[in-house]
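Asks: Following this message is one structure expressed as structure tokens.
Every read-out reported here was derived from the displayed coordinates using simple, explicitly stated rules and does not represent laboratory data. The structure presented is a predicted model; accordingly, all values stated were derived computationally and were not measured. Cβ atoms come from the backbone with ideal geometry, glycine included; neighbour counts cover every protein chain shown.
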Amino acid sequence: MHRLGPATLDRLSPGILAPDYDRAAVATGIVHLGLGAFHRGHQAVYTDALLKDDPRWGILGVSLRSPDTSAALLPQGGLYSVTASDGAGRQRRVIGALTGLAVAPDDPAGLLARLADPAVRIVSTTVTEKGYSHDPATGALRADDPDIRHDAGHLGHPRSTLGFIVGGLQLRRQRGLPPYTVLACDNLPANGHTLRGLVIAFAELVDRDLAKWISDTVRFPSTMVDRIVPATTDADRAEVSAALGLVDAWPVVTEPFSQWVIEDDFGGDRPAWDVSGAQFVRDVAPFELMKLRLLNGAHSTLAYLGYLMGCQTVAEAMAEPDLAGLVEDMMREEVTPTLPALGGFDVTAYRAALLQRFRNPALKHRTAQIAMDGTQKLPQRLLGTIRDRLARGLPIPRLALAVAGWMRYVSGTDEQGQPIELRDPLAATLRALADEAGPVASRLAPALLSVTAVFGRELPNDPRFANAVETALDSLFRDGTRATVAQVRHVTRT
Ligand code: CS2
């Protein structure tokens with residue numbers, strides 16, 4: 001079989017959409033940091049749809065660490081396919097929005113030169129929660145992070161996301177060029193605002209005047225991004241290539257649903273992403289809160305408790321009636337009352353659609369993938385909701401069980417006595433605490449609650465929270481996850 005690429009597009013199987021514009025005429029207006037499946041299945045798709053009308057917005061896709069995706073897409077001239085499936089039907093499309101590929105560690109100075117190109121007006125990011133060198137509980141810069149310390153002293157050869165963003169801005173300022181807009185596309189609370197704070201705090205370590213210039217001139221719109229895009233598997237590669245009639249070494253397999261809400265606060269021209277279905281709004285916060293707390297909060301709950309119950313995927317976890325019921329009740333009873341009203345928005349329908357999306361049988365979304373990096377995810381997915389409820393004197397039984405599920409997961413051994421592979425930037429800390437405490441809730445719960453980067457200083461001292469989590473964790477250890485989920489669901493049933 002031939003490889004997917006510019007020269008083989010005419011061999012694509014019938015019915016598969018291909019770029020409807022002249023790729024040679026597309027300029028690079030966006031540098032995107034973080035070339036994972038999510039970017040390629042989300043922002044790049046919105047961008048691809050408008051290049052015919054406005055060819056200024058091609059994307060230079062940058063891998064900040066692993067060269068694998070870039071190496072796979074290079075022989076394909078940046079082309080790759082996106083398959084959207086809900087289990088009943090499939091739609092496939094070849095995306096041509098990537099005008100270039102770069103692996104940052106291979107040539108950091110070369111990437112800075114690209115960032116200084118005046119044609120580049122937007123630098124966007126999907127570097128995952130842990131890619132921002134911040135403290136997840138407070139959003140503050142971790143100035144002691146080794147990459148941040150390195151970059152502060154070597155801004156001509158950065159390693160970190162913040163280093164590249166600030167290094168590029170420094171060059172533009174030196175050359176008298178206008179800055180680019182920085183567009184955060186990760187699941188962080190107030191992602192643009194948070195990134196702005198981090199960029200300025202980092203720039204202050206380098207040059208106070210530069211920090212002031214950034215603060216005065218650079219825009220950081222916040223966004224709410226949503227599409228479930230699991231990591232690509234070898235089975236996906238084989239299935240997609242057979243369907244395309246061409247080998248695609250790194251396809252994206254996703255769901256039909258996609259949503260992008262963007263704060264309309266750009267420094268200059270911006271792509272008409274609204275024409276391809278995105279929404280520009282004045283304030284993203286209510287959308288963001290709703291998505292992080294309902295979708296991602298439920299996702300993490302399904303991931304930890306589902307994994308412990310032996311479910312490999314989210315769809316399998318949703319096939320467990322008590323777990324699916326508990327999550328549905330949690331979304332309705334515990335999360336929704338904490339969300340600000342969104343005029344005219346039907347949150348009941350939104351929740352129902354989420355449950356349907358989680359059940360999508362076409363997505364093999366692994367619980368272990370979502371369980372990853374819990375220390376970076378818990379604050380915005382579960383703990384903010386918990387704080388809001390406690391402040392109003394409301395109970396948190398299901399949310400506390402979700403947090404306890406994370407604790408049971410990071411204890412490192414499953415219910416069959418098998419090791420759980422912990423993937424988290426704080427894995428070493430978690431492991432040390434878990435080893436010292438042992439599988440005893442009254443020791444493990446307080447030990448993990450002392451990780452201030454996750455829980456902050458006040459929440460662990462609230463007995464309503466600490467006791468609820470410890471009780472749930474005790475039940476997980478003693479009765480097992482299945483029985484605990486059934487019991488909490490039954491007892492809290494309204
Ligand atoms: C998931 C998200 O991996 C995870 O933690 O919860 O990637 C989720 O699929 C997306 O936010 C959906 O928009």
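Asks: Out of 486, 467, 354, whose Cα points farthest toward the positive end of the dipole of region 285-493 (charges: +1 Lys, Arg; -1 Asp, Glu; placed on Cβ)?
Replies: 354
Asks: Only counting other Cβ atoms within 10 Å, I'd like 311, 185 sorted with the fewest neighbours first.
Replies: The fewest-first ordering by Cβ neighbours comes to 311, 185.
Asks: With θ taken as phi - 60° and the coefficients 6.51, -1.76 and 1.60, list the Karplus ³J(HN,Hα) couplings across region 316-328 in order, rounded to whole Hz; mark glycine and proline as x.
Replies: 5, 4, 6, 7, 8, x, 5, 5, 4, x, 4, 5, 4
Asks: Taking the number of other C-beta atoms within 10 Å as the exposure measure, put 132, 80, 350, 46 in order starting with the fewest.
Replies: Least to most surrounded, the residues fall as 350, 46, 132, 80.
Asks: Cα centroids of region 452-494 and region 148-201: how far apart, whole angstrom?
Replies: Region 452-494 and region 148-201 have Cα centres separated by 39 Å.
Asks: Relative to the longest principal axis of the C-alpha atoms of the chain, give the angle of the C-alpha long axis of helix 347-358, reported between 0 and 90° and rounded to the nearest 10°.
Replies: 80 degrees
Asks: Using a cut-off of 15 Å between beta-carbons, work out the net charge of the residues near residue 412 (Lys and Arg +1, Asp and Glu -1, residue 412 not included).
Replies: Net charge in that neighbourhood comes out at -2.
Asks: Filter the trypsin sites (Lys or Arg not before Pro) in region 373-405 to those in DSSP coil with at most 16 other Cβ atoms within 10 Å of their Cβ, and list the result.
Replies: Answer by residue number: 392.
Asks: Taking GluC sites (Glu not before Pro) as exposed when DSSP calls them loop (any state but H, G, I, E, B) and at most 12 other Cβ atoms lie within 10 Å, what is the longest stretch of the chain free of them, the sites themselves excluded? Don't skip to the answer; put the middle values down first.
Replies: Values: sites that count: 421, 458.
By the stated rule (loop sites, at most 12 other Cβ atoms within 10 Å), 1-420.
Asks: How much of the calculated P(r) for the chain lies past 34 Å, in percent of all Cα pairs?
Replies: Numbers: 44554 of 121771 pairs.
Roughly 37 percent, once rounded to a whole number.
Asks: Now, a different point. Count charges around residue 177 for me, please; just the other residues with Cβ under 11 Å from its Cβ, Lys/Arg as +1, Asp/Glu as -1.
Replies: Neighbour charge sum, excluding residue 177 itself: +3.
Asks: Still on this structure, I have one more. Compute the long axis of helix 234-244 from its Cα atoms, compare it with the longest principal axis of the Cα atoms of the chain, and write down the angle in degrees, 0 to 90, nearest 10.
Replies: So the inclination is approximately 40 degrees.
Asks: Provide the net charge surrounding residue 191, with neighbours chosen by a C-beta distance below 13 Å and charges set as Lys +1, Arg +1, Asp -1, Glu -1.
Replies: Charge balance near residue 191 sits at -4.
Asks: Shifting gears a bit: Can you compute the charge dipole magnitude of the chain about its Cα centre, using +1 on each Lys and Arg Cβ and -1 on each Asp and Glu Cβ, nothing else charged? Give it in debye, rounded to the nearest 20. Don't skip to the end; give the middle numbers.
Replies: Working: 51 positive and 56 negative charges, 43 e Å.
Here the chain has a charge dipole of around 200 debye.
Asks: How do 193, 2 rank when sorted from fewest to most other Cβ atoms within 10 Å of their own Cβ? Display every interim value, and only then the final one.
Replies: Values: 193 18, 2 11.
Exposure proxy ranking, most exposed first: 2, 193.
Asks: Among 378, 157, 213, which residue has its Cα furthest toward the positive end of the charge dipole of the chain, with +1 on Lys/Arg Cβ and -1 on Asp/Glu Cβ?
Replies: 213
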